[in-house]
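What follows is a single structure, written as structure tokens, with notes after it.
The values are calculated or read from the model by the stated rules, or taken from the named source; none is laboratory data. No experiment lies behind these values; they were computed from the predicted model shown. With ideal geometry, Cβ positions are generated from the backbone for all residues, glycine too; neighbour counts draw on all protein chains shown.
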Amino acid sequence: MSFKSAVITFPGSNCDRDALCYLKDLTKGEVHNIWHEETSLPKVDLVILPGGFSFGDYLRSGAMASKSKIIDEVVKHANDNRYLLGICNGFQILTEIGLLEGALIRNKKLKFLGKNCFIKKKFKNNFNLSIKDKQVLQIPVAHNEGNFYCDTETLNLLKNNEQIAFEYCKGEFSNTEENINGSIEAIAGITNKKKNVLGMMPHPERAYSDFHQSQDGRLIIESLIS
Amino acid sequence: MRIKILVRLKGQILEPQGKVIEQALNSLGFTEFSNIRQGKLIELDLPDNISKEEKAQKIESACKKLLVNDIIEEYEVLG
């Protein structure tokens, strides 16, 4: 059975094409590109909300996109226990919709971070099954608001429900910072309670091809397909 | 009628822009300035004939649905 997927494009999305190529190359299945004003979504196994600056990051990152017409369908897709992945701006959109807990605020040092970073898995879920415990992944980040924040009560909930999927860690170079953006407990990605929705700041779709510096991003799609 | 809504990050949340502004002001000699935090002001018009209750209800609903993310922000209606 072939794996079907879709990528939603908002005005200002700029990683939608990367996400489409990522899905086409790795799933070998049907991949749809859906404009945010659409009101129906094909029945697919995975939907990606891509990175970028949807609606120019006006008001708050992801705030405007979270009110787009297609979002009702995206929520239905998630409630149907199918996979939903928000990358970077997509993660911000998922928190603004309320499908994921917490919020993403300005990076602690106020700098836009565009570089390779290192992450490892924290708790097991279907998005990271193919990743070994303690395996360090090299995946790029490109964000200004990636500093994950939630209150203590929510943090305890995320831990108790094992919803923390990825955390930033030290890489092979000793000068690499462990927590690049100031996120609480160095959180790089979380899932919902049912673990079919993942939001992450690093860009796996920029780390899969031979011409990328790293191919570690493949592991996420490989985990879902396996 | 002109409505002003002040939106700011909750007190316990780090507001790095305010910190940078504070450093800049301090270096310009404004050493008495401290605990600077930056927020945002949203201004909008509502019809004059709207009742007080309806006005309050509409503003609250708009803040909840879009203007404010209550996980990180709080708001105050000015004047």
### Task
Considering only segment B:1-33, state which residues are at pLDDT 95 or above and either part of a loop (DSSP other than H, G, I, E, B) or facing another protein chain (nearest Cβ under 10 Å) (or both).
B:Val7, B:Leu9, B:Lys10, B:Leu28, B:Gly29, B:Phe30, B:Thr31, B:Glu32, B:Phe33
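One line per residue, one yes/no per condition, for (1) out of contact with any Leu (no Cβ under 9 Å at 6 or more places or on another chain); (2) closer than 24 Å to A:Gly182 by Cβ:
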site	(1), (2)
B:Gln23	yes, yes
B:Thr31	no, no
B:Ile50	yes, no
B:Glu60	yes, no
B:Leu67	no, no
B:Glu73	no, yes
### Query
Has segment B:46-64 got any residue that is in contact (Cβ under 8 Å) with a residue 12 or more places away in the chain, within 14 Å of chain A (Cβ to nearest Cβ), in a helix (DSSP H, G or I) and within 16 Å of the chain's Cα centre (by Cα)?
yes
### Query
Taking segment A:62-71, which residues are on the phi < 0 side of the Ramachandran plot and within 14 Å of chain B (Cβ to nearest Cβ)?
A:Ala63, A:Met64, A:Ala65, A:Ser66, A:Lys67, A:Ser68, A:Ile71
### Output for segment A:146-157, where each listed residue is surrounded by 21 or more Cβ atoms within 10 Å (Cβ to Cβ) and either outside any loop (DSSP other than H, G, I, E, B) or in contact with a Gly (Cβ under 7 Å, 6 or more places away or on another chain) (or both)
A:Asn147, A:Phe148, A:Tyr149, A:Cys150
### Message
If I go through segment A:65-84 residue by residue, how many of them are free of Cβ contacts under 8 Å to residues at least 40 places away in the same chain and surrounded by 21 or more Cβ atoms within 10 Å (Cβ to Cβ)?
### Response
2
### Message
Restricting to segment B:34-45, name every residue that is among the hydrophobic types (A, V, I, L, M, F, W, C) and either in contact with a helix residue (DSSP H, G or I) (Cβ under 9 Å, 6 or more places away or on another chain) or away from chain A (no Cβ under 14 Å) (or both).
### Response
B:Ile36, B:Ile42, B:Leu44
### Query
Just one of A:Ala142, A:Ala186, A:Ala165 is of a type in the set (Gly, Ala, Ser) and free of Cβ contacts under 8 Å to residues at least 24 places away in the same chain; which is it?
A:Ala186
#### Entry: From the options A:Leu110, A:Leu129, residue that is over 15 Å from A:Leu49 (Cα atoms) and either touching a Pro at 6+ places or on another chain (Cβ under 9 Å) or within 11 Å of chain B (Cβ to nearest Cβ) (or both)
A:Leu110
#### Entry: All strands (runs of 3 or more DSSP E) inside segment A:1-62 with 1 or more residues being modelled with pLDDT of 95 or more and polar (S, T, N, Q)
A:5-9, A:31-35
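Could you check, for segment A:52-61, whether at least one of its residues is within 30 Å of B:Val20 (Cβ to Cβ), touching a Gly at 6+ places or on another chain (Cβ under 6 Å) and within 14 Å of another protein chain (Cβ to nearest Cβ)?
Yes, there is a match, as at least one residue in segment A:52-61 is within 30 Å of B:Val20 (Cβ to Cβ), touching a Gly at 6+ places or on another chain (Cβ under 6 Å) and within 14 Å of another protein chain (Cβ to nearest Cβ).
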### Message
Just the residues that are hydrophobic (A, V, I, L, M, F, W, C) and on the phi < 0 side of the Ramachandran plot, please, taken from segment A:78-101.
### Response
A:Ala78, A:Leu84, A:Leu85, A:Ile87, A:Phe91, A:Ile93, A:Leu94, A:Ile97, A:Leu99, A:Leu100
### Task
Could you tell me whether any residue of segment A:148-159 is within 14 Å of another protein chain (Cβ to nearest Cβ) and charged (D, E, K, R)?
yes
#### Entry: Enumeration of residues in segment A:204-213 that are in contact (Cβ under 8 Å) with a residue 24 or more places away in the chain, more than 17 Å from the chain's Cα centre (by Cα) and surrounded by 15 or more Cβ atoms within 10 Å (Cβ to Cβ)
A:Ser209
### Query
Given the conditions (1) assigned to a loop (DSSP other than H, G, I, E, B); (2) under 21 Å from A:Lys195 (Cβ atoms), which single one is not true for A:Lys111?
(2)
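Looking for something surrounded by fewer than 23 Cβ atoms within 10 Å (Cβ to Cβ), at pLDDT 95 or above and in a helix (DSSP H, G or I) - is there at least one such residue anywhere in segment A:85-92?
At the first step, the residues of segment A:85-92 found to be surrounded by fewer than 23 Cβ atoms within 10 Å (Cβ to Cβ) are none.
No, there is no match, as no residue in segment A:85-92 is surrounded by fewer than 23 Cβ atoms within 10 Å (Cβ to Cβ), at pLDDT 95 or above and in a helix (DSSP H, G or I).
Do you know which residues across segment A:132-145 are touching a Gly at 6+ places or on another chain (Cβ under 9 Å) and either among the basic types (Lys, Arg) or more than 11 Å from chain B (Cβ to nearest Cβ) (or both)?
Once the filter is applied, which keeps residues that are touching a Gly at 6+ places or on another chain (Cβ under 9 Å) and either among the basic types (Lys, Arg) or more than 11 Å from chain B (Cβ to nearest Cβ) (or both), segment A:132-145 yields A:Val136, A:Leu137, A:Gln138, A:Ile139, A:Pro140, A:Val141, A:Ala142, A:His143.
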